[in-house]
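Engineer: Before I ask anything, let me first share the structure, which is written out below as structure tokens.
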Amino acid sequence: MGDRAVLVKFGESIDLSINRKVHALCRAIEQSKIVGAEECVPTYASLLVYYNPLKTSYERLVYQLKDLEPKLDEFSAKIETWQVEVPTVYGGEFGPDLLNVAKHHNLTPEEVVRIHSETEYTVYMIGFIEGFPYMGKVPDSIATPRLETPRLKVPAGSVGIAGNQTGIYPAESPGGWQIIGRTPLKLFNPHARQPALLQPGDRVRFKSITEAEFEKIRKE
Amino acid sequence: MEVFRVVKPGLFTTVQDLGRSGFQRFGVPVSGAMDKYAFTCTNMLVGNQASSACWEVTLFGPELEALNDVQVAVAGAKFSLAVNCDTVPLWQTLNVKKGDRLAFVGSARNGCRAYLAVRGGIDVPVVLGSRSTYVRGGFGGFEGRALRTGDVIHAFAPQSLLEAWRVLPPELIPNYEKESAVNVVMGPQEDVFTKKGIETFLSNTYTVTPESDRMGYRLDGEPIERKITTELVTDALMQGSVQIPGNGKPIVLMADAQTSGGYPKIAIVTTAGVSRLAQAKPGDAVRFVRVSLAQARAEFLEFSRVLSGLSGRLVKESF
């Protein structure tokens, strides 16, 4: 891609087994210390590998990446991931689209909350804005398309659904996801050594909390 | 060391260096100087490291009051520059005394951005490996924002002052034309477009719209026809990515490019091309020229050679 990156595609869909390969290659490149490979950006189904043309070439890097392919399963197995619980206030002013989502599926808001918080999600990638985790898969029973008109301002901490994806806005931003709740957790801190709370591969569960609990956690 | 108080901040003046690498996987843009050539020149003109932080000035520059004796240089877009109302040249070292007023007068006549380097380098905290300002994220640079009136800016105290002027030879000063041609490597999603769409992209000139900033240049012109209109799975973006959204009009991602997105990318502007494009301002025109990967590589190597050779090309004249 361009004059200083290689895009490695593993597929064209949002699929856990494809995404695992993406992260395995990312890990494999880092551990094999390939000369001239500078930065890897994993997404759902592909990995962007930046290289320094002064130190290597496209052809050389592609050759080395192909060499890593048979070892991917081994790297995939070794990736450490964490289980993270995300406390969330559902509905009300914190989740203005909860009723939409319920109506879309002929469910009660309580049923949407139960299904959303019962499911374990995997962080596929971080993108869009700093620290924003793209997670899946949201069960078809509550999967809902994006809003027709995106909001100009979505508050920090908002938990949203877009199709089979769920995500959390780390900072106030424009956005078109169906907002069903809000978490008091801080997802991104540029001054921390590890700036993003969630990492690709992490398993996430949402836990329904009250507004009083939200305030308590926020102050901590 | 306090170097300047901001009397007028200019339109959008931010601290930038060569950008942050290694954090795109967390959704953190690279940022950094938009025009790496002019940026490197200013640092060389005051004898700084190539990676020292400078100010990036956009269209309308600031007015500054010197709080100490400093050596500075300005390079890039064609501005009128004055010290205490006397016109002074760009592309060379300037001695500024405590109490002097350094002012960018009017707007940039050619080009869009200039860099102001202070000998020693601008002193702001390093955030995620860089001093670059990322205004949307509110971090890096000077308090994560553009300069405002009254801000007091610090620079690292230099070990010594330069004993001779450094001047960039005229043949190394770019002409910023109203129309620029930039090289592109086609792909990675070239196949999303019709043959006609690709021809449209390569044979037309596109105009930089006012909705253009450090994140991306929105261009206006002939819409580019797509073959496949289904939504793509979000994937990675890089500086220079030419995205084609639903309306068919290109968006070229610049220094603050978001790290991922779902619009198809018809081509990627080369590294040297992105630096050149950084000087295009609203109303200027851009043409895209398809090059092979081998040609793009040759251009990259030449651009790197020019940047690393700059300090040796400077003419030194005693004060």
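The values are calculated or read from the model by the stated rules, or taken from the named source; none is laboratory data. Here the structure is a predicted model, which means the values were calculated and not measured. Positions of Cβ are backbone-derived with ideal geometry, glycine not excepted, and every protein chain shown enters the neighbour counts.
Engineer: Every residue in region B:215-252 that is buried (at least 21 other Cβ atoms within 10 Å of the Cβ) and within 11 Å of chain A (Cβ to nearest Cβ), please.
Structural biologist: B:Thr234, B:Asp235, B:Ala236, B:Leu237, B:Met238, B:Gln239, B:Gly240, B:Ser241, B:Val242
Engineer: Further question on the same structure: Here is a list: B:Thr271, B:Thr259, B:Thr200. Which entry is crowded, with 20+ Cβ neighbours inside 10 Å and in contact with an Asp or Glu (Cβ under 6 Å, 6 or more places away or on another chain)?
Structural biologist: B:Thr271
Engineer: Checking A:Ala102 against (1) touching a helix residue (DSSP H, G or I) at 6+ places or on another chain (Cβ under 7 Å); (2) closer than 22 Å to A:Ala171 by Cα, which test does it fail?
Structural biologist: Unmet condition: (2).
Engineer: Considering only region B:24-83, state which residues are free of Cβ contacts under 8 Å to residues at least 40 places away in the same chain and within 18 Å of the chain's Cα centre (by Cα).
Structural biologist: B:Ser51, B:Phe79
Engineer: Need pairs with beta-carbon distance below 6 Å; first residue among the acidic types (Asp, Glu) and within region A:118-130, second part of a strand (DSSP E or B); sequence gap 6+ or separate chains.
Structural biologist: A:Glu120/A:Arg203; A:Glu120/A:Arg205; A:Glu130/A:Phe188
Engineer: Ok, one more. When A:Leu54 is evaluated against the numbered criteria (1) away from chain B (no Cβ under 11 Å); (2) at pLDDT 95 or above, which criterion, by number, is the only one it fails?
Structural biologist: Looking at each condition in turn, A:Leu54 falls short on (1).
Engineer: Residues in region B:216-239 that are at pLDDT 95 or above and in a loop (DSSP other than H, G, I, E, B): how many?
Structural biologist: The number of residues fulfilling the criteria is 8.
Engineer: Please determine whether any residue of region A:171-181 is crowded, with 22+ Cβ neighbours inside 10 Å, assigned to a loop (DSSP other than H, G, I, E, B) and of a type outside the set (A, V, I, L, M, F, W, C).
Structural biologist: Looking through region A:171-181, none of the residues is crowded, with 22+ Cβ neighbours inside 10 Å, assigned to a loop (DSSP other than H, G, I, E, B) and of a type outside the set (A, V, I, L, M, F, W, C).
Engineer: If we keep just the residues of region A:93-139 that are outside any loop (DSSP other than H, G, I, E, B) and within 14 Å of another protein chain (Cβ to nearest Cβ), which is nearest to A:Thr81 (Cα to Cα)?
Structural biologist: That would be A:Val123.
Engineer: How many residues are touching a residue at least 24 places away in the same chain (Cβ under 8 Å), over 21 Å from B:Phe60 (Cβ atoms) and assigned to a loop (DSSP other than H, G, I, E, B) if we restrict to region B:144-160?
Structural biologist: The total comes to 3.
Engineer: In addition: Give me the residue from region B:253-276 that is among the aliphatic types (A, V, I, L, M) and within 13 Å of chain A (Cβ to nearest Cβ) and, out of that set, nearest to A:Ser13 (Cα to Cα).
Structural biologist: Among those that are among the aliphatic types (A, V, I, L, M) and within 13 Å of chain A (Cβ to nearest Cβ), it is B:Ile266.
Engineer: Just checking, how many residues over region A:5-46 are under 15 Å from B:Gly22 (Cβ atoms) and facing another protein chain (nearest Cβ under 9 Å)?
Structural biologist: Of the residues in that region, 7 qualify.
Engineer: Same structure again: Let me confirm something: among B:Thr40, B:Thr58, B:Thr133, which residue is in contact with a helix residue (DSSP H, G or I) (Cβ under 8 Å, 6 or more places away or on another chain), β-branched (Val, Ile, Thr) and crowded, with 19+ Cβ neighbours inside 10 Å?
Structural biologist: B:Thr40
Engineer: For residues that are on the phi < 0 side of the Ramachandran plot and touching a Pro at 6+ places or on another chain (Cβ under 9 Å), tally how many sit in region B:45-69.
Structural biologist: 5
Let's see how each residue does on (1) in a strand (DSSP E or B); (2) among the charged types (D, E, K, R); (3) modelled with pLDDT of 95 or more:
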site: B:Arg136; (1), (2), (3): no, yes, no
site: B:Phe142; (1), (2), (3): no, no, yes
site: B:Leu162; (1), (2), (3): no, no, no
site: B:Pro174; (1), (2), (3): no, no, yes
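Engineer: Using the structure shown, decide if B:Pro210 is assigned to a loop (DSSP other than H, G, I, E, B), more than 14 Å from chain A (Cβ to nearest Cβ) and either over 20 Å from B:Pro282 (Cα atoms) or in contact (Cβ under 8 Å) with a residue 12 or more places away in the chain (or both).
Structural biologist: Criteria met by B:Pro210.
This table checks each residue for (1) of a type in the set (Lys, Arg); (2) in the same structural domain as B:Glu231 (by TED's automatic domain parsing); (3) out of contact with any strand residue (DSSP E or B) (no Cβ under 6 Å at 6 or more places or on another chain); (4) under 21 Å from B:Ala75 (Cα atoms).
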site: B:Val126; (1), (2), (3), (4): no, no, yes, no
site: B:Gly129; (1), (2), (3), (4): no, no, yes, no
site: B:Tyr134; (1), (2), (3), (4): no, no, yes, no
site: B:Leu147; (1), (2), (3), (4): no, no, no, yes
site: B:Ile153; (1), (2), (3), (4): no, no, no, yes
site: B:Val185; (1), (2), (3), (4): no, yes, no, no
site: B:Gln189; (1), (2), (3), (4): no, yes, no, no
site: B:Thr194; (1), (2), (3), (4): no, yes, yes, no
